[in-house]
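**Q** Here you go, one structure.
The values are calculated or read from the model by the stated rules, or taken from the named source; none is laboratory data. What you are looking at is a predicted structure, and each value in this text was computed from that prediction instead of being measured. For neighbour counting, all protein chains shown are included, and Cβ atoms are generated from backbone atoms with ideal geometry for every residue, glycine included. Calculation scope for accessible area: heavy atoms of the full protein, side chains included, ligands and nucleic acids excluded. Shrake-Rupley method; radii C 1.70, N 1.55, O 1.52, S 1.80 Å.
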Amino acid sequence: MNDLKSNFAGIESPNPFWLASAPPTDKAYNVNRAFEAGWGGVVWKTLGEAGPPIVNVSGPRYEALHGKDRSVIGFNNIELITDRPLELNLQEIAQVKKDWPDRALVVSLMVPCQEAAWKSILSQVEDTGADGLELNFGCPHGMSERGMGAAVGQVPDYVEMVTAWCKEYSRLPVIVKLTPNVTNIRQPAQAAKKGGADAVSLINTINSVMSVDLDSLSINPTIDAMGTHGGYCGPAVKPIALHMVSDLGRDPECEDLPISAIGGISNWRDAAEFLLLGAGNVQVCTAAMTHGFKIVDDMIDGLSRFMQEKGFASVSDLVGQAIPSLTDWQHLNLNYTVKAQIDQDLCIKCGRCHIVCEDTSHQAIYARHNGERRYEVNEEECVGCNLCVTVCPVENCLTLRKLENEVDVRTGQMVSPAEKLQWTRHPNNPMANADP
Amino acid sequence: MELITTAHNGPSGIAAERLNEAECQSNFCEMHMPLEENAARVEAERCYFCFDAPCTEACPTGIDIPGFIRMIANGNAVGAAGLILEENIMGGTCARACPVETLCEGVCVRNHGDDRPVTIGLLQRFAVDEALQEGTEFFSRSEQTGKSIGVVGAGPAGLSCAHRLSVLGHNVVVYEARSKSGGLNEYGLAAYKMLNGFAQRETEFITSLGGIEIVHDVILGRDVTVQELQKRHDAVFLGIGLGGGNMLGIPGEEAEGVADAVAFIDGLRQADQLSAVPVGRRVVVIGGGMTAIDAAVQAKLLGAEEVTIAYRRGADAMKASIVEQEFAKIRGVSIRYWAQPGAVILEDGRAAGVEFQPSGDTEAGEKFVIPADMVLKAIGQGSHLERAESAGLFEVASGRLVVDEERRTSCSGIWAGGDCIAGGDDLTVSAVQDGKVAANSIHRALSL
Ligand SMILES: Cc1cc2nc3c(=O)[nH]c(=O)nc-3n(C[C@H](O)[C@H](O)[C@H](O)COP(=O)(O)OP(=O)(O)OC[C@H]3O[C@@H](n4cnc5c(N)ncnc54)[C@H](O)[C@@H]3O)c2cc1C
Ligand SMILES: Cc1cc2nc3c(=O)[nH]c(=O)nc-3n(C[C@H](O)[C@H](O)[C@H](O)COP(=O)(O)O)c2cc1C
Ligand code: SF4
Ligand code: SF4
Ligand code: SF4
């Protein structure tokens with residue numbers, strides 16, 4: 001089995017799987033269990049200032065979007081940062097670090113945007129022996145209304161300023177956790193870098209309203225007939241997180257800025273995808289909250305087998321390997337042409353491919369052949385959009401066939417994908433420049 | 001289901017109380033447990049929402065199956081029932097009685113590979129039962145046309161026709177020979193398919209629309225003639241089903257202990273107490289259709305010790321599907337294939353067994369006897385047109401009325417449907433379709 005040892009921004013851990021700052025990391029009890037289960041590291045549930053602790057609602061604070069089989073697809077919460085006294089958390093952190101010296105223990109922080117407040121907490125955290133800091137600039141509810149969390153993360157200048165304070169008053173590596181509730185994720189990331197951040201982590205949760213109860217006509221979760229927007233996470237947010245992580249992964253200005261990927265990671269496959277798109281390690285919250293800590297077994301085993309199969313010796317070898325496949329639309333090869341094809345032996349004749357193409361796309365799948373129920377592609381109309389493939393219930397029954405040195409019967413043009421044609425040089429583009 | 005059987009020392013001959021009432025009630029439980037709400041939703045999610053769905057094509061009444069299943073999946077069971085009842089007013093009975101494995105579920109695209117079909121029948125039942133429970137009204141009558149239609153027979157064909165006609169604004173009088181409505185839904189379908197008086201509940205639902213008057217104990221051919229009906233009404237629909245069972249034409253057939261399977265089931269369906277229904281200790285059922293299966297299984301559930309279905313050809317030729325054959329076998333019924341009945345063996349003038357000649361490939365084999373104190377004949381029902389028909393008014397083929405696509409008989413102004421017409425498949429669902437098609441045709445004819 002491959003060694004999954006990880007070094008993220010100078011923080012070592014036996015594997016790249018960390019638990020994100022959230023309820024699973026709120027107490028020594030949970031964190032001990034996580035380490036027993038095999039997690040490589042944790043980011044402790046966000047700590048706030050000393051003083052009277054935060055108060056959470058006593059009504060429901062979570063709500064889920066369920067799939068057909070009641071699996072949790074999306075998850076939402078209106079929980080605040082830790083509601084336990086600062087002192088207690090710091091004591092526990094110190095003890096856990098002592099008991100688990102080989103695991104990564106990062107402490108997440110969120111205090112008011114004043115230099116003194118940060119300075120005071122930083123020294124206390126350092127005394128625990130923790131390995132690093134994560135600055136929670138992402139929480140989208142409850143704390144942001146008090147001028148913290150996302151309220152900071154949405155203003156690049158604040159991000160830079162607070163990061164700089166942390167670098168100044170602490171010798172620990174600083175990870176800046178970014179909020180996805182922005183239009184351009186590169187701006188806060190660049191600000192963090194300017195402030196001296198050692199790494200960024202993303203994404204925190206996305207603003208969301210989960211659902212409306214159709215009996216009571218009030219939103220869910222409901223607390224005494226009222227509700228509020230919360231943070232969305234879980235498998236549903238993975239594509240958004242992948243986009244943001246990869247956007248930083250290919251941003252020249254963020255080069256060499258390590259990324260800790262978070263958002264909908266549930267298994268080794270998700271983890272591998274994030275690593276390939278530029279993440280240095282991954283953090284997990286919802287998958288653990290919906291299955292328990294044992295899921296890490298499959299993550300460790302699966303990733304290590306995958307690496308062996310693909311010939312990657314270490315986790316760092318994986319990082320960013322898929323980045324070169326990511327480009328902007330105008331650089332895609334417009335000479336690359338595919339057509340849908342149906343394996344008639346596998347086809348169960350449900351007709352879904354036909355009706356979606358007929359009603360909403362290109363009328364390129366026949367429903368009948370010589371009066372018989374038989375689904376066949378009309379290559380003269382098929383644009384290769386992939387819609388039918390996504391709805392076919394039988395695996396590998398409907399696939400896309402690549403055209404190579406043959407005439408596309410839809411356009412009548414010879415297809416030669418080797419001759420790349422990008423929009424930037426396309427004859428229909430009025431702004432086309434002749435040079436590549 | 002735990003089948004309760006009798007000890008091997010019950011009285012020989014035909015006797016009641018082989019099992020006590022509680023044991024009978026336990027045996028006659030639901031054939032298929034109805035779906036709970038959550039199970040229904042999960043099952044509904046399995047449907048692929050096919051285009052030009054093969055299941056709809058296979059349904060004789062053409063129910064929009066993917067349409068109603070999607071409504072169940074989205075928590076709208078009542079809407080689903082509306083979609084079902086629009087095409088099939090007896091959706092409730094059909095969900096219980098249809099041989100789905102040879103109809104909709106048989107062609108479900110999910111039959112491929114090691115997958116299994118969507119349980120369309122159970123989903124349909126879930127939706128219709130839910131709507132009946134809620135007492136939802138789905139239909140209203142169009143403006144009155146002032147026309148009156150006489151319908152003969154309050155079975156599936158007659159009631160379906162009457163309902164559609166009433167929706168279209170006509171007034172209907174249904175003439176029914178027996179004291180209850182429902183036809184074979186009430187008198188013929190197996191008890192474990194139609195628990196808790198469902199036939200009567202459904203009839204009430206159908207007639208609650210108004211405009212349908214059912215007159216009981218009136219027999220066409222005895223109390224009224226076709227000509228009289230034609231005078232009384234603007235159109236006539238015949239849905240009189242079939243008559244008594246066919247004869248085997250073998251010696252001993254008339255003896256005590258030999259009975260018609262349909263009559264046996266009829267008695268069972270109408271019994272106040274199941275345990276009071278007399279049944280043999282050893283029962284032989286002759287035939288290969290749904291009636292044979294139903295008679296044999298119900299005899300077993302009443303406490304008969306040995307029940308054998310004897311069929312003159314092989315399993316594949318049986319009109320009862322393989323699924324139904326399995327259903328009987330699981331309940332302890334033996335099926336003897338390739339057995340041609342030769343004679344009923346008598347003892348003291350009563351049936352004591354049936355002698356068979358091997359048929360098919362093994363024709364040369366030796367005759368054998370299956371002992372039986374009760375012999376049930378299930379070889380099809382005969383025509384009873386003669387009784388109803390007045391002097392050869394109609395074109396008839398093999399004792400059944402010849403009709404065109406719109407279910408018009410050869411006699412102008414008279415439509416027919418259900419088991420009494422030629423070329424049908426003797427299923428409840430087809431009778432319902434006939435009634436619907438005829439009603440639409442009558443409406444068109446009367447609107448001219
Ligand atoms: C034992 C048995 C089990 C069956 N099981 C199934 C099953 O599980 N699934 C399935 O799909 N099909 C089954 N069938 C077939 C199904 O019951 C019939 O196809 C269906 O009932 C036909 O409907 P119908 O309206 O044509 O006739 P019927 O249901 O027979 O109704 C005819 C009605 O007309 C009345 N009538 C008859 N003659 C006269 C007259 N002269 N004057 C006035 N009224 C008259 C009768 O009393 C009756 O009420 C079964 C049949 C039998 C015999
Ligand atoms: C109930 C709950 C509480 C959370 N609390 C915090 C928190 O205190 N600090 C923080 O930085 N992120 C918090 N998060 C965000 C998670 O750390 C993580 O960024 C997010 O859930 C996305 O990852 P996931 O899809 O694996 O859940 C919380 C998430 C949940 C579900
Ligand atoms: S690829 Fe798109 S256009 Fe071609 S058949 Fe499929 S849905 Fe239609
Ligand atoms: S969606 Fe797939 S299985 Fe269904 S008809 Fe099309 S090719 Fe066949
Ligand atoms: S054939 Fe099966 S999957 Fe397709 S619509 Fe009918 S029930 Fe649904």
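**Q** For chain A, what does -39500 (n - 2.57) per DSSP helix run (n ≥ 4), summed and divided by total residues, give at 222 nm, in deg cm²/dmol to the nearest 500?
**A** -8000 deg cm²/dmol
**Q** Here's something else I'd like to know. Heavy-atom accessible surface, probe 1.4 Å, ligands and DNA/RNA ignored: which residues of region A:371-416 lose at least 10 Å² versus the isolated chain?
**A** When all protein chains are present, A:Arg373, A:Tyr375, A:Pro393 each give up 10 Å² or more of accessible surface.
**Q** Moving on. On average over all directions, what projected area in square nanometres does region B:286-416 have, based on the convex hull of its Cα atoms? Can you show the working numbers first?
**A** Working: hull surface 46.3 nm².
Orientation-averaged projected area of the Cα hull: 11.6 nm².
**Q** Please work out whether region B:140-281 counts as rounded, prolate or oblate from its C-alpha gyration tensor, where a ≥ b ≥ c are the square roots of the eigenvalues and a/c under 1.5 means rounded, while otherwise a/b larger than b/c means prolate and anything else oblate?
**A** Oblate is the answer for region B:140-281, as a/c is 1.5 or above yet b/c matches or exceeds a/b.
**Q** With bins 10 Å wide starting at 0, give me the P(r) of chain B over every alpha carbon pair, in whole percents.
**A** All Cα pairs considered, the percentages come to 4, 20, 28, 26, 16, 5, 0.
**Q** Dipole of chain A, Cα-centred, from +1 at each Lys and Arg C-beta and -1 at each Asp and Glu C-beta, to the nearest 20 debye?
**A** On the way: 36 positive and 54 negative charges, 47 e Å.
For chain A, the charge dipole is close to 220 debye.
**Q** Okay, moving on. Distance between Cα centroids, region B:386-410 to region B:304-325: provide it in whole Å.
**A** 32 Å
**Q** Considering amide H positions built from the backbone, and no H for Pro or chain starts, which residues 5 or more places from B:Gln340, or on another chain, come under 5 Å of its amide H?
**A** Those qualifying (amide H under 5 Å, at least 5 residues apart or on another chain) are B:Gln357, B:Ser359.
**Q** Which one, A:Asn396, B:His384, B:Gly241, projects farthest toward the positive side of the charge dipole computed for the protein assembly as shown from Cβ point charges (K/R +1, D/E -1)?
**A** A:Asn396
**Q** Set the Förster distance to 35 Å, then compute FRET efficiency between A:Thr411 and A:Arg269 from the Cβ-Cβ distance, nearest 0.05.
**A** 0.40
**Q** If you place +1 on the Cβ of every Lys and Arg and -1 on the Cβ of every Asp and Glu, how big does the dipole about the Cα centre of region B:330-448 come out, in debye to the nearest 20?
**A** The dipole magnitude comes to about 380 debye.
**Q** Here is a further query. Just the Kirkwood number for chain A, please: inverse of mean 1/r across all distinct Cα pairs, in Å, one decimal.
**A** 24.1 Å
**Q** Report the far tail of the P(r) of region B:202-308, meaning the percent of Cα-Cα pairs longer than 18 Å.
**A** For region B:202-308, the share of Cα pairs beyond 18 Å comes to 65 percent.
**Q** What Kirkwood Rh does the protein assembly as shown have if only Cα atoms enter the pairwise 1/r average? Answer in Å.
**A** 33.6 Å
**Q** Something else about it: What residues of region B:243-282 lie in the reach of a label at B:Lys367, counting those whose backbone N is under 15 Å from a point 7 Å from the Cα along Cα→Cβ?
**A** From region B:243-282, the list is B:250-253.
**Q** While we're here: Please report Rg (one decimal) and Dmax (integer) in Å for the Cα set of region A:367-431.
**A** 15.6, 50
**Q** How large are Rg and Dmax for region A:79-236 when only the alpha carbon atoms are used, in Å?
**A** Radius of gyration, then largest Cα-Cα span, for region A:79-236: 17.1, 55 Å.
**Q** Using amide H atoms built 1.01 Å from N in the peptide plane, name the residues 5+ places from A:Ser211, or on other chains, whose amide H lies under 5 Å from its own.
**A** A:Asn220
**Q** How would region B:158-219 be classified by its alpha-carbon gyration tensor: rounded, prolate or oblate, with rounded meaning a/c under 1.5 and the a/b versus b/c comparison settling the rest?
**A** On the way: a/c = 2.53, a/b = 1.54, b/c = 1.64.
Since a/c reaches 1.5 but b/c is at least a/b, the shape of region B:158-219 is classed as oblate.
**Q** Oh, and also: Once you treat every alpha carbon in region A:297-363 as an equal point and sum by Debye, what is log10 I(q)/I(0) at q = 0.12, 0.15, 0.22, 0.29 Å⁻¹?
**A** With one equal scatterer per Cα and no solvent, log10 I(q)/I(0) is -0.74, -0.87, -0.91, -1.30.
**Q** Taking a probe of 1.4 angstrom, what is the accessible area of A:Thr390 in Å², to the nearest 10?
**A** Roll a 1.4 Å probe over it and A:Thr390 shows about 100 Å².
**Q** Hey, what's the protein assembly as shown come to in accessible area per residue, 1.4 Å probe, Å²?
**A** I get 44 Å² per residue for this part.
**Q** Please compute the volume of the convex hull spanned by the alpha-carbon atoms of region B:1-130 and report it per residue in Å³. Intermediate results must be reported in sequence, preceding the final value.
**A** Values: hull volume 20.0 nm³, N = 130.
Here the figure is 154 Å³ per residue.
**Q** Ordering B:Glu186, A:Glu115 by accessible area with a probe of 1.4 Å, largest first, what comes out? Show your work: numbers first, answer last.
**A** Working: B:Glu186 10, A:Glu115 70 Å².
Accessible-area ranking of B:Glu186, A:Glu115, largest first: A:Glu115, B:Glu186.
**Q** May I pose another question? When the accessible area of chain B is computed with all protein chains present and a 1.4 Å probe, what percentage of it is carbon and sulfur?
**A** Solvent-exposed carbon and sulfur of chain B make up 48 percent of the total.
**Q** While we're on this one: Which of rounded, prolate, oblate describes region A:9-115, given a ≥ b ≥ c as roots of the alpha-carbon gyration tensor eigenvalues and a/c under 1.5 marking rounded, otherwise prolate only if a/b is larger than b/c?
**A** Since a/c reaches 1.5 but b/c is at least a/b, the shape of region A:9-115 is classed as oblate.
**Q** Please report, in debye to the nearest 20, how large the charge dipole of the protein assembly as shown is about its Cα centre when each Lys and Arg carries +1 at its beta carbon and each Asp and Glu carries -1 there.
**A** 440 debye
**Q** Determine the calculated [θ] at 222 nm for chain B from helices alone, applying -39500 (n - 2.57) to every DSSP H run no shorter than 4 residues and normalising by the residue count; nearest 500 deg cm²/dmol.
**A** Mean residue ellipticity, 222 nm, calculated: -10000 deg cm²/dmol.
**Q** Which one, B:Ala235, B:Ala190, B:Ala378, has the greatest fluctuation when you compute a Gaussian network model over chain B with C-alpha springs under 10 angstrom?
**A** Residue with maximal mean-square fluctuation among B:Ala235, B:Ala190, B:Ala378: B:Ala235.
**Q** Can you compute the FRET efficiency between A:Lys98 and B:Ala39 using 1/(1 + (r/R0)^6), with r the Cβ-Cβ distance and R0 = 56 Å? Round to the nearest 0.05. Working shown, then result.
**A** Details: r = 52 Å, r/R0 = 0.93.
After rounding, the FRET efficiency stands at 0.60.
**Q** While we're on this one: Evaluate the distance, in nm, between pseudo-label points positioned 7 Å from the Cα of B:Lys329 and of A:Glu168 along their respective Cα→Cβ axes.
**A** The answer from the label model is 8.6 nm.
**Q** How many Lys pairs in chain B lie less than 29 angstrom apart by Cα atoms, where the lysines are 8 or more positions apart or on different chains?
**A** Lysine pairs meeting both conditions in chain B amount to 26.
**Q** Counting only the heavy atoms of the protein chains, how much of A:Lys119 is accessible to a 1.4 Å probe, in Å² to the nearest 10?
**A** So the heavy atoms of A:Lys119 present about 110 Å² to solvent.
**Q** Just by accessible area at a 1.4 angstrom probe, what is the order of A:Tyr169, B:Tyr311, A:Tyr366, A:Tyr29 from largest to smallest?
**A** Sorted descending by solvent-accessible area, the residues read A:Tyr29, A:Tyr366, A:Tyr169, B:Tyr311.
**Q** Right, something else. Å³ per residue of the Cα convex hull, for region A:148-273?
**A** Cα convex hull per residue, to the nearest whole number: 133 Å³.
**Q** Whenever you get a sec, line up B:Phe68, B:Phe49 from highest to lowest accessible area (probe 1.4 Å, protein heavy atoms).
**A** Descending accessible area places them as B:Phe49, B:Phe68.
**Q** For the interface of B with A, what's the total buried accessible surface in square angstrom, probe 1.4 angstrom, rounded to the nearest hundred?
**A** 1000 Å²
**Q** Shifting gears a bit: How large is ³J(HN,Hα), in whole Hz, for each residue of region B:93-109 in order, when computed from phi with the Karplus curve 6.51 cos²θ - 1.76 cosθ + 1.60 and θ = phi - 60°, using x for Gly and Pro?
**A** Karplus values, whole Hz, x for Gly and Pro: 5, 4, 4, 8, 10, 5, x, 4, 5, 9, 10, 4, 5, x, 10, 3, 5.
**Q** Treat region B:32-80 as a sphere of radius equal to its Kirkwood radius over Cα pairs and apply Stokes-Einstein at 37 °C in a medium of 0.692 mPa s; give the translational diffusion coefficient in µm²/s, rounded to a whole number.
**A** Result for D is 292 µm²/s.
**Q** Still on this structure, I have one more. For A:Ile203, which sequence-distant residues (separation of 5 or more, or a different chain) have an amide H within less than 5 Å of its own amide H, given hydrogens modelled in the peptide plane?
**A** Placed amide hydrogens put A:Ile262, A:Gly263 under 5 Å from A:Ile203.
**Q** How many nm separate the modelled label positions at B:Leu3 and B:Gln270, each set 7 Å beyond the Cα in the direction of the Cβ?
**A** Going from the B:Leu3 label point to the B:Gln270 one covers 2.9 nm.
**Q** If you don't mind, another one. What distance in nm separates the simple spin-label points at A:Thr360 and A:Val55, each placed 7 Å from Cα in the Cβ direction?
**A** The two pseudo-label positions are separated by 4.7 nm.
**Q** In region A:32-52, whose amide N lies under 20 Å from the spot 7 Å out along Cα-to-Cβ of A:Asp301? List them in ranges.
**A** Only A:34-41 fall inside the zone, counting backbone N under 20 Å.
**Q** Keeping to pairs on different chains or 8 or more places apart, tell me how many lysine pairs in region A:81-195 have Cα atoms under 16 Å apart.
**A** 6
**Q** Rounded to the nearest 0.05, what FRET efficiency do A:Glu255 and A:Glu12 have when you use their Cβ-Cβ distance and R0 = 30 Å?
**A** Working: r = 23 Å, r/R0 = 0.76.
The calculated FRET efficiency here is 0.85.
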